[in-house]
Amino acid sequence: MSKKLRVANIGMKFGMCHVEGALDCKDAEIAVICDSNEENLRFAGERYNIPEEKWTTDYMDIVNNNEIDVVTVAIPDQQHKQVSCDLLRSGKHVLCEKPLALTREDIEEIVKVANECGKKFMVGQICRFTPAFEKAKEIIEAGTLGELYFVESEYAHDYMLIQEPWRCDPKRHGVIGGGCHAIDLLRWLAGDPQEVFAYGTHKLLPHVTYDDATIAIMKFDENLAGKVFVSTGCKRDYTMRTVIYGTKGTLICDNTSPSMTLFTTDEEGITQDPQTIEVEVNNHNAVKEFAVFADAILNDKNVLTDALEGAKTVEVCLAIVESAKTGKIVKPDYTF
Ligand SMILES: NC(=O)c1ccc[n+]([C@@H]2O[C@H](COP(=O)([O-])OP(=O)(O)OC[C@H]3O[C@@H](n4cnc5c(N)ncnc54)[C@H](O)[C@@H]3O)[C@@H](O)[C@H]2O)c1
């Protein structure tokens with residue numbers, strides 16, 4: 001590879017972790033950073049020593065710049081579709097934050113445009129790069145737990161002080177905005193749920209009109225059930241506690257804990273003493289996420305968290321929200 005990937009980063013709040021991902025990548029160089037808010041743009045530019053001539057407040061400067069290869073997008077969810085599609089159509093590879101978008105219409109459009117443009121697209125389902133969850137995937141695939149019969153995860157995060165209007169939009173229900181992490185994780189570990197059923201409650205966040213807690217049960221293929229709990233007003237530290245139950249063992253892990261607990265069985269099926277597995281705590285592993293994306297671009301590999309994966313995760317979230325509203329079982333529609 002003679003030429004480095006020329007990267008543009010849009011959105012300089014959470015999106016600063018994408019700047020760090022690009023700075024860490026030996027095959028990439030930052031060509032432009034963008035934020036419509038000048039103060040946020042200046043803060044990031046100065047923090048990462050990016051010269052002012054590489055700053056812009058208008059993402060269309062990136063769309064119209066043929067020198068840019070890859071763009072990261074970390075702006076409010078409501079804008080993901082427009083900005084990602086503009087970038088894809090202008091020939092850029094795109095890493096867009098989760099959730100892919102907030103409506104069926106928007107996720108369909110992104111999948112369509114990503115397919116048509118033939119550029120790489122990654123949705124930032126960053127939990128797939130969390131060391132504990134990577135290890136969980138490895139343990140499941142090694143067969144250590146036997147056949148899975150029940151999987152549960154949760155997204156419990158106190159949003160009491162997080163009140164920007166775009167986050168309070170009823171379309172940005174907590175199940176979609178944050179809960180998509182836990183739902184994506186279960187899809188990655190156990191496959192696509194075929195049916196979901198949910199209840200919601202609303203006791204903690206007076207500044208939103210949607211439920212701030214939701215519990216959903218789900219039926220996967222092949223004799224496997226699941227559960228997701230989402231609470232965006234909970235009175236505790238952020239957690240994505242996840243428990244995976246198999247016929248030969250059980251694994252308990254989290255995104256914020258330095259150890260995981262593994263139970264296995266002997267030849268007679270008797271449960272042994274638990275083993276503790278130490279893991280690095282790296283809940284936002286944006287460095288690895290960007291490295292994997294750059295590798296997919298440079299070596300023409302498939303992106304595991306592509307537009308379709310992002311769309312399927314949002315589709316399950318939408319099904320859960322609908323079920324909690326209607327009191328009915330909902331079957332997600334994975335045809336995109
Ligand atoms: N993966 C994760 O765990 C994680 C964590 C936090 C946020 N996110 C996602 O990242 C995205 C951004 O979240 P945030 O917390 O940084 O939001 P934020 O509101 O704190 O910041 C958004 C930034 O984008 C800028 N912006 C808005 N519209 C823009 C536009 N059209 N062009 C350029 N800049 C624009 C704003 O000025 C602001 O600086 C959201 O999609 C969110 O869901 C993901």
Take the conditions over 22 Å from LEU304 (Cα atoms) and away from the ligand (no atom under 15 Å from the Cβ) and apply them to GLU39. Does it pass?
no
Could you tell me whether ILE270 is over 26 Å from HIS173 (Cβ atoms), among the β-branched types (Val, Ile, Thr) and either buried (at least 17 other Cβ atoms within 10 Å of the Cβ) or in contact (Cβ under 8 Å) with a residue 12 or more places away in the chain (or both)?
no
With the condition kept exactly as written, say whether any residue in segment 133-149 is in a loop (DSSP other than H, G, I, E, B), modelled with pLDDT of 95 or more, touching a helix residue (DSSP H, G or I) at 6+ places or on another chain (Cβ under 9 Å) and within 16 Å of the ligand (Cβ to nearest atom).
no
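With of a type outside the set (S, T, N, Q), surrounded by 15 or more Cβ atoms within 10 Å (Cβ to Cβ) and within 9 Å of the ligand (Cβ to nearest atom) as the only criterion, which of TYR59, TYR48 stands out?
On the way: TYR48 fails: within 9 Å of the ligand (Cβ to nearest atom).
Matching residue, one of TYR59, TYR48: TYR59.
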Scanning segment 47-84 for residues that are among the polar types (S, T, N, Q) and in a helix (DSSP H, G or I), which turns out farthest from ARG6 (Cα to Cα)?
GLN78
Residues of segment 289-318 that turn out to be outside any loop (DSSP other than H, G, I, E, B) and either under 14 Å from LYS119 (Cα atoms) or among the acidic types (Asp, Glu) (or both), as a count
11
Selection over segment 1-22 where residues are outside any loop (DSSP other than H, G, I, E, B) and over 21 Å from the mean Cα position of the chain (by Cα) yields a count of 2
Which residues, taken from segment 87-122, are under 22 Å from GLY21 (Cβ atoms) and not hydrophobic (A, V, I, L, M, F, W, C)?
SER90, GLY91, LYS92, HIS93, GLU97, LYS98, PRO99, LYS119, LYS120
Name the pairs: first residue in segment 185-214 and within 18 Å of PRO99 (Cβ to Cβ), second residue among the acidic types (Asp, Glu), Cβ to Cβ under 7 Å, at least 6 apart or on different chains?
GLY200/ASP211
If a residue must be charged (D, E, K, R) and either touching a Phe, Trp or Tyr at 6+ places or on another chain (Cβ under 8 Å) or closer than 18 Å to GLU134 by Cβ (or both), how many such residues does segment 246-300 contain?
6
If you go through segment 169-207 one residue at a time, how many are farther than 25 Å from LEU145 by Cβ and buried (at least 22 other Cβ atoms within 10 Å of the Cβ)?
7
Only one residue in VAL243, VAL208 is out of contact with any strand residue (DSSP E or B) (no Cβ under 8 Å at 6 or more places or on another chain) and β-branched (Val, Ile, Thr), so which one is that?
VAL208
So how many residues does segment 105-132 have that are more than 17 Å from the chain's Cα centre (by Cα) and assigned to a helix (DSSP H, G or I)?
9
Single unsatisfied condition, ASP24 versus (1) loosely packed, with under 15 Cβ neighbours inside 10 Å; (2) touching an Asp or Glu at 6+ places or on another chain (Cβ under 7 Å)
(2)
Name the residues in segment 155-194 that are more than 15 Å from the ligand (Cβ to nearest atom) and closer than 23 Å to LYS137 by Cβ, would you?
LEU186, ARG187, LEU189, ALA190, GLY191, ASP192, PRO193, GLN194
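The values are calculated or read from the model by the stated rules, or taken from the named source; none is laboratory data. Keep in mind that this is a model prediction, so the values were computed, not measured. Virtual Cβ from ideal backbone geometry, glycine too; neighbours counted across all protein chains shown.
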